[in-house]
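Asks: Below is a structure I'd like to ask you about.
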Amino acid sequence: MSANLVSGVLFVPLLAAGLLAVIPGYRLSAGLNMLASLITLGFALSLLVAERPGSGQLLVVDDMNVVFIVLNAFVGFTTSVFSATYIGHELETGRLTPLHLRFYHAMYQLMLFGMNMALTANNIGLMWVAVELATLTTVLMVGIYRTPAALEAAWKYFILGSVGIALALFGTILVYLAARPVVGEGMDAMVWTTLAAHARDFDPSLLNIAFVFLLLGYGTKVGLAPLHAWLPDAHAEGPTPISAVLSGLLLNVALYALLRFKILLAANPASIAPGPLMMGLGLLSLIFAGFMLYRRRDIKRMFAYSSIEHMGIIVFAFGLAGPLGNFAGLLQMTMHSLTKSAIFFSVGHVTQVKRSQWMADMGGLTESHPMLGWGLVAGVAAIAGLPPFGVFMSEFLVVSAAFATHPILAVLLVFGLLLAFGALLLRLGDVAFGPVKGLVGPVEASSIPLFAHLALVLVAGIWLPPPMVAWFQHVARMLG
Amino acid sequence: MRGISFDIAHMLAGFLVLASFLMLYQARLYALLHVLALHAFVLALSVAWQAHIQDAPHLYITAAIALGFKAMLIPWALRRIVVRLGVHREIEAVGGIGLTMLGGIALVALSLEVMLPVTAQTDPVAREDIALALSVVLIGLLMMVTRRNAVSQVVGFLSLENGIILAATGARGMPLVVEISVAFSVLVAFIVIGIFLFRIRERFDTIDVGALEQHRGGRQ
């Protein structure tokens, strides 16, 4: 029974992708897209309560990846709701043709399939294939407008993503080499659960080099600082629903892959500690993105840099490790996914009204479009880390975990947080308040996904349900 | 007997590194595509030899894919693109050939220095294959960094992939899933790149990636 649940998470999107590729008519396909995402969410939620199947050679469901799967399916569903109204508008203004839309919907489900497969994979080879699939589908969607800027973004994303993913495969091969003498030849040496059980006896120096490759490879997909060049372009030039899933989901999937390998290293006492590497890259991303935020003029590009900043914080938190660091990292990751996709929902409608992504063309949004404007204000307040939103709590936890163990790094962390905070509020003031600027046409916005996300973030900031806390604590212990 | 089979494996892997060096200094696109075909051909030989000495028949499939797809089909298709776009002119290399070659030599030294001590426990075939494969990967990266033309960047990426396949086949008993998926993903990746090349052609009348970068101006 429960084995069927796992396959539901995988096969519903795959089936839907096939169907959507042949169905003409955007209303029907947008509806089907939502329905498929909703069914996937249903399967994902049922994984929480159902009895777990034993781990196979290909797939596994454990306490750790269930968190990611549910988050993935939820944001995937709400984004499909947002996408339905967004895409309708793009069709009216003629930026996309019906054929493009058919392609877009099929790719959307294929991307969800790729991400779910990466999350449920029990085989490091399969996981790699799935991450590559998710990358390729998003590359195609980023380039869908076919403007010179969109093509440049897609090309850059494709080349950097492929190089990253190639390095990750090299790292995967090295992990296999390290495992082979202990586990034996063949499939077993790539099965995650077997690897985790025997990691103690692996050759530590091979594992070290493998981790460096994996960190660089999957780190490119996470958007860590020296390797982030694709991220702002891909977010700014693609359709906004794709920006939402890129920030909210794909970065998490790459991070998940990295965390899986981090567990292997943590289990091997003779290998290097992955912590300092991750903390260093995380802090670098945070501070770099903090400075870059000040010079942005394009609103989607700005929030892309904010994603780099938050991935920096999350990677830093997981680098700190320990029960508190990992807990804070998990919470921060969940909160960031929900908040950032909510922001992109509102930004998507705003750019459609203003027919521009330039912040100079926007102003007084709270006056001209109260619902969108205040939604954006709430989202930015949340992402900047203001109480009472959930991001405040998770950032507070990261900072206190850092002060407990690495006071000097904690000072840098706080500096980076304040830097980003200042930049975001500065820009928000121009866009949301003051005199009304730019076009003020009516907007056909779907506010339900936007406010559903914000409500969740708000509730999480005030009161975290005890079962969820217990669950996160359990996962944090697994992460070592 | 055992000694000679190891020697042949090393020789083929060494040839692959040599082919990577040949790529670095090709100044014309046609010549570059010929070297790409040679690169994939050497890879096919090397994989087939691994299949023979490891007694792993499924590796012959990987070798066949390398031979048919990467050594013939891809260079042919890229050549057609080059002809259609009319860009069989000189490649503008950044930094000069001499410097690039020196960089390549440094990368080979680096990968030997890094990999050989680490893999002391594994069997000797895998040990040197991995070190040489890493050299091929790094030289592929170097090529992608130094070239500004879209076609030659793709060639750099394909040689990088070849290096990874060499590593995967050198690791004895690596499951088939991975090899097929690697080959498959190369196929997919290539289709994507092909589409992109045509789109770039449509929009710019050039496939010089440098021209793409203009569109970013003023945006930040």
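Asks: Averaged across the residues of A:180-192, what count of C-beta atoms belonging to other chains lies within 10 Å of each residue's C-beta?
Replies: Neighbouring Cβ atoms belonging to other protein chains average 3 per residue here.
Asks: Among A:ALA432, A:SER306, B:PHE69, flag the residue with its Cα farthest along the positive direction of the charge dipole of the protein assembly as shown, charges on Cβ as +1 for Lys/Arg and -1 for Asp/Glu.
Replies: After comparing all options, I get A:ALA432.
Asks: Quick one: check the C-alpha center-to-center distance for the range A:161-234 versus the range A:374-441, whole angstrom.
Replies: Result: 33 Å between the Cα centres.
Asks: Enter the buried accessible area of the A/B pair, total of both sides, probe 1.4 Å, in Å² rounded to the nearest 100.
Replies: The A and B chains share an interface burying roughly 4400 Å².
Asks: Can you pull the mean other chain C-beta count within 10 Å for peptide B:123-130?
Replies: Other-chain Cβ atoms within 10 Å of each residue's Cβ, averaged: 2.
Asks: Within 10 Å of each Cβ in peptide A:155-164, how many partner chain Cβ atoms are there on average? Round it to a whole number, please.
Replies: Mean partner-chain Cβ count within 10 Å for A:155-164: 5.
Asks: While we're looking at this one, here's another question. By how many nm would the segment from B:ILE97 to B:ILE61 grow when fully extended, if each residue of separation counts as 0.36 nm and the alpha-carbon distance is taken off?
Replies: The span from B:ILE97 to B:ILE61 would gain 9.3 nm if fully extended.
Asks: Given contacts defined as C-alpha pairs under 8 Å and at least six residues apart, what's the relative contact order of the range A:1-154, whole-number percent?
Replies: Normalised by residue count, the contact order of the range A:1-154 is 30 percent.
Asks: Normalised radius of gyration for the protein assembly as shown, please: alpha carbon Rg relative to 2.2 N^0.38 Å, two decimal places.
Replies: Dividing the Cα Rg of the protein assembly as shown by 2.2 N^0.38 Å gives 0.93.
Asks: At a Förster radius of 35 Å, what calculated FRET efficiency corresponds to the Cβ-Cβ distance of A:VAL440 and A:TRP463, to the nearest 0.05?
Replies: Working from the Cβ atoms, E equals 0.35.
Asks: Per residue of chain A, what 222 nm ellipticity follows from adding -39500 (n - 2.57) for every DSSP H run with n ≥ 4, rounded to the nearest 500?
Replies: Calculated from helices alone, the mean residue ellipticity at 222 nm is -26500 deg cm²/dmol.
Asks: Can you give me the accessible area per residue for the range A:274-480, using a 1.4 Å probe, in Å²?
Replies: On a per-residue basis, the range A:274-480 sits at 36 Å².
Asks: Provide the packing ranking of A:73-82, B:107-116, i.e. peptides ordered by the mean count of other C-beta atoms within 10 Å per residue, highest first.
Replies: Top of the packing list down: A:73-82, B:107-116.
Asks: Tell me which of A:PRO226, A:LEU456, A:SER446 sits at the most positive position along the dipole axis of the protein assembly as shown, charges placed on C-beta atoms (Lys, Arg +1; Asp, Glu -1).
Replies: Positive-most Cα among the choices belongs to A:SER446.
Asks: If you don't mind, another one. Can you give me the solvent accessible area of A:GLU51 with a 1.4 Å probe, rounded to the nearest 10 Å²?
Replies: The accessible area comes out at roughly 150 Å².
Asks: Using Cα pairs under 8 angstrom and six or more residues apart, how large is the relative contact order of the range B:1-131, in percent?
Replies: 29 percent
Asks: What FRET efficiency would be calculated for the residue pair A:LEU386, A:LEU58, taking the C-beta separation as r and a Förster radius of 56 Å, to the nearest 0.05?
Replies: 0.80
Asks: So how strong a dipole does the range A:274-480 carry about its Cα centre when Lys and Arg Cβ are +1 and Asp and Glu Cβ are -1, to the nearest 20 debye?
Replies: Using only the charged Cβ atoms, the result is roughly 320 debye.
Asks: Using alpha-carbon pairs under 8 Å, 6+ residues apart, how would you state the relative contact order of chain A in percent?
Replies: 14 percent
Asks: What nm value, rounded to one decimal, do you get for the distance between B:ALA120 and B:ILE53 when each label is placed 7 Å out toward the C-beta?
Replies: Calculated label separation equals 2.2 nm.
Asks: Can you list residues whose amide H is under 5 Å from A:LYS437's amide H, if they're 5+ apart or on another chain and H is modeled 1.01 Å from N?
Replies: A:GLY363, A:GLY364
Asks: While we're on this one: Given 0.36 nm per residue, what is the gain on full extension from A:ILE448 to A:ALA360 after removing their alpha carbon distance, in nm?
Replies: Gain on stretching A:ILE448 to A:ALA360: 28.9 nm.
Asks: Give a residue-ordered list of calculated ³J(HN,Hα) values for the range A:403-414 (Karplus: 6.51 cos²θ - 1.76 cosθ + 1.60, θ = phi - 60°; whole Hz; x for Gly, Pro).
Replies: 5, 5, 10, 10, x, 5, 5, 4, 5, 4, 4, 5
Asks: Quick one: how many Å² of A:ASP188 are accessible to a 1.4 Å probe, rounded to 10?
Replies: Number for this one is 70 Å².
Asks: What translational diffusion coefficient, in µm²/s and rounded to a whole number, does the Stokes-Einstein relation yield for the range B:22-136 at 37 °C and a viscosity of 0.692 mPa s, taking the hydrodynamic radius as the Kirkwood radius over Cα pairs?
Replies: It diffuses with D of about 202 µm²/s by this estimate.
Asks: For the range A:387-475, what is the convex hull volume of the alpha-carbon atoms per residue, in Å³?
Replies: For the range A:387-475, the hull spanned by Cα atoms encloses 135 Å³ per residue.
Asks: So, one more: Set the Förster distance to 25 Å, then compute FRET efficiency between A:ASN4 and A:THR193 from the Cβ-Cβ distance, nearest 0.05.
Replies: Computed FRET efficiency for A:ASN4 and A:THR193: 0.75.
Asks: Just going by the charge dipole of the protein assembly as shown, with Lys and Arg at +1 and Asp and Glu at -1 on Cβ, which of A:LEU216, A:VAL191, A:VAL60 is farthest out on the positive end?
Replies: So the residue we want is A:LEU216.
Asks: Using a simple spin-label model with points 7 Å from Cα along the Cα→Cβ vector, what separation in nm is obtained for A:LEU48 and B:ILE4?
Replies: 6.7 nm
Asks: Then there's this: Ordered by residue, what ³J(HN,Hα) values in Hz, to whole numbers, does the range B:67-74 give under the Karplus form 6.51 cos²θ - 1.76 cosθ + 1.60, where θ = phi - 60° and Gly and Pro are x?
Replies: For the range B:67-74, the Karplus-derived couplings read 6, x, 7, 8, 8, 10, 5, 5 Hz, x marking Gly and Pro.
Asks: What percentage of the solvent-accessible surface of chain A, computed with a 1.4 Å probe over protein heavy atoms, is contributed by carbon and sulfur atoms?
Replies: Carbon with sulfur: 73 percent of the solvent-accessible area.
Asks: Hey, another quick one. Tabulate in residue order the Karplus-calculated ³J(HN,Hα) for the range A:302-309, using 6.51 cos²θ - 1.76 cosθ + 1.60 with θ = phi - 60°, rounded to whole Hz; enter x for Gly and Pro.
Replies: Karplus values, whole Hz, x for Gly and Pro: 4, 6, 5, 5, 5, 5, 4, 4.
Asks: Right, here's the next one. Determine the dipole magnitude for the protein assembly as shown: charges of +1 sit on the beta-carbon of Lys and Arg, -1 on that of Asp and Glu, nothing else is charged, the reference point is the Cα centre, and the result goes in debye to the nearest 20.
Replies: The calculated dipole for the protein assembly as shown is roughly 1200 debye.
The values are calculated or read from the model by the stated rules, or taken from the named source; none is laboratory data. These numbers were taken from a predicted model, which means no experiment stands behind them. Glycine also receives a Cβ, built like all others from the backbone with ideal geometry; neighbour counts cover every protein chain displayed. Surface areas here come from the heavy atoms of the whole protein model, side chains and all, with no ligands, DNA or RNA. Shrake-Rupley method; radii C 1.70, N 1.55, O 1.52, S 1.80 Å.
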